[in-house]
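Note sheet for the following structure.
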Amino acid sequence: MPESLYERIYLLAYDTERGQMAERWHLDLLIRAAVLAELMIQGHLADATGGPVVRTPALSDPLLDGVLQQIAHSRRRSWQHWVSKGSRATVRGVRERLESGGWIRVEHGRFLGVLPTTKVSVRDTRVVKGLVSTASTALRGGQPAARLDPRDAALAALAATVRLRTVRPRAQWRAVRGRSDELSEVVAPVPRALRKAIQAAAAAAAG
């Protein structure tokens, strides 16, 4: 199983029954939020009035460092801004990392010979099933969120934010809303920013 939260959430979003990504419309925002949560878990970002603040000048991980440097060299902006900012480039970077690590297979093609397409398949679906089990266990509430591995809590919290159907049918997410809110506090305010970014994207598309 990959170590980082953003790689885990990418794999969790893979629908093993349909053989495709389950959260295609908001996958970029979900993955970007997972990167920010990973930076918080590792102690490189902290929450402050107006948005995140950087605690570490540089990192050896190029993907994490790229996001960290964006924040470090910008004026104070909201968490929602950083969930949206560069999200498409971030999800491509995570996909490439998973591909190079042998976790996924990526096939490029063209629809009707014109529009570029990308098909992702997970090489070992047992990894996905293990992540689903991890998220489901966290959501069942066997122990306080603060006692869980922070990546497990964040994995479940982010999945709950987008009501990821690979973990639970959408109609069943309401039943664990209280628990998901508790889990969200482990990486607050990232899940809340993700929700706002999705709402803003939906409003922009409708407009």
Q.
Exactly one condition in (1) under 27 Å from A203 (Cα atoms); (2) under 16 Å from the mean Cα position of the chain (by Cα); (3) outside any loop (DSSP other than H, G, I, E, B); (4) in contact (Cβ under 8 Å) with a residue 40 or more places away in the chain is false for V67; which is it?
A. (4)
Q. Restricting attention to the stretch 70-90, and to residues there that are among the hydroxyl-bearing types (S, T, Y) and not in a helix (DSSP H, G or I), which single residue is farthest from L30 (Cα to Cα)?
A. S74
Q.
Out of the residues in the stretch 43-64 meeting the condition of being part of a loop (DSSP other than H, G, I, E, B) and at positive phi, tell me which one is modelled with the highest pLDDT.
A. G43
Q: Residues being modelled with pLDDT under 95 and farther than 23 Å from V167 by Cβ: count how many of those fall in the stretch 98-136.
A: 12
Q | Single match in L158, L139, L164 (criterion: within 18 Å of I41 (Cα to Cα), modelled with pLDDT of 95 or more and either not in a helix (DSSP H, G or I) or not aromatic (F, W, Y) (or both)) | A | L158
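Do we find a residue being free of Cβ contacts under 8 Å to residues at least 40 places away in the same chain, β-branched (V, I, T) and not in a helix (DSSP H, G or I) anywhere in the stretch 99-108?
The answer is yes; a qualifying residue exists.
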Q. Just one of A145, A202 is out of contact with any strand residue (DSSP E or B) (no Cβ under 7 Å at 6 or more places or on another chain), of a type in the set (A, V, I, L, M, F, W, C) and loosely packed, with under 13 Cβ neighbours inside 10 Å; which is it?
A. A202
Q: Sort out which residues of the stretch 63-97 are touching a helix residue (DSSP H, G or I) at 6+ places or on another chain (Cβ under 6 Å), over 15 Å from V190 (Cβ atoms) and among the aliphatic types (A, V, I, L, M), and write them in order of number.
A: L63, V91, V94
Q) Got a sec? Which of R32, R77, R140, R97 is closer than 30 Å to A175 by Cα and surrounded by 14 or more Cβ atoms within 10 Å (Cβ to Cβ)? A) R32
Q) Which of the residues belonging to the stretch 167-186 are in a loop (DSSP other than H, G, I, E, B) and in contact (Cβ under 8 Å) with a residue 40 or more places away in the chain? A) V167
Q: Only one of these is part of a loop (DSSP other than H, G, I, E, B), under 27 Å from T166 (Cα atoms) and hydrophobic (A, V, I, L, M, F, W, C): M1, M40. Name it.
A: M1
Q: Quickly run through the stretch 115-128 and pick out the residues that are surrounded by fewer than 14 Cβ atoms within 10 Å (Cβ to Cβ) and not in a loop (DSSP other than H, G, I, E, B).
A: L115, P116, T117, T118, K119, R126
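The values are calculated or read from the model by the stated rules, or taken from the named source; none is laboratory data. Just so it is clear, the model here is predicted, and its values are computed rather than measured. Positions of Cβ are generated from backbone atoms using ideal geometry, with glycine treated the same way; all protein chains shown enter the neighbour counts.
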